[in-house]
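Okay, so here's the structure we're looking at.
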Amino acid sequence: MVTKSPVLPKRVPQVEPDQDGSGTVVLERRTQKTKPPQMYQVLMLNDDYTPMEFVVVVIQEFFAKDLETATQIMLKIHLDGKAVCGVYSRDVAATKVDQVLDAAAKSGHPLKCLSEPVDF
Ligand code: TYC
């Protein structure tokens, strides 16, 4: 007669093999092995020369914000000296900084932007 082996859950519980031949197995709940990736915030800095309208357009264009949100961020930069425009993975954050600095340089504005690890 052909007997089917029972279908057991594959992953839960985790059963460690009987390593020392004692017949004892360890039921173990594994802790998470992978950490979430470090994220980077893109900050824009205030200056006395870049027009407010230009900053609002840049924030809308490169950080996908609507007009009202972009205006609020621009005003925060103007009043506090800096503000976070968005939080991204390292490469995306670096690209955003390049895009902003490029657009500012092409328009002749001294607008500055940088990225730093979150919890810096
Ligand atoms: N302070 C600028 C002005 O009064 C406006 C400004 C806002 C500049 C934000 C840069 O990141 C900036 N024209």
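The values are calculated or read from the model by the stated rules, or taken from the named source; none is laboratory data. Computed from a predicted structure; not experimentally measured. Glycine also receives a Cβ, built like all others from the backbone with ideal geometry; neighbour counts cover every protein chain displayed.
From the residues in segment 95-120 that are assigned to a loop (DSSP other than H, G, I, E, B) and within 12 Å of the ligand (Cβ to nearest atom), which one is nearest to the chain's Cα centre (by Cα)?
Restricting attention to segment 95-120, the residues satisfying the condition of being assigned to a loop (DSSP other than H, G, I, E, B) are 108-111, 118-120.
So of that shortlist, the ones also within 12 Å of the ligand (Cβ to nearest atom) come out as 109-111.
Working: H109: 28, P110: 26, L111: 23 Å.
Applying the filter and picking the extreme gives L111.
Please verify whether D80 is among the acidic types (D, E), near the ligand (Cβ under 9 Å from one of its atoms) and surrounded by fewer than 14 Cβ atoms within 10 Å (Cβ to Cβ), treating the condition exactly as stated. Judged against the criteria, D80 is not a match.
The number of residues in segment 68-114 being of a type outside the set (A, V, I, L, M, F, W, C) and under 15 Å from N46 (Cα atoms) comes to 10. Filtered by the rule that a residue be within 15 Å of C113 (Cβ to Cβ), of a type outside the set (S, T, Y) and outside any helix (DSSP H, G or I), segment 47-91 gives D47, K65, G81, K82, A83, V84, C85, G86, V87. Across segment 21-40, the qualifying residues are those that are modelled with pLDDT of 95 or more and surrounded by 10 or more Cβ atoms within 10 Å (Cβ to Cβ), and the one among them that is nearest to the ligand (Cβ to nearest atom) is Y40.
L43 meets all of the listed conditions (1) assigned to a helix (DSSP H, G or I); (2) of a type outside the set (S, T, Y); (3) more than 9 Å from the ligand (Cβ to nearest atom) but one, namely (1).
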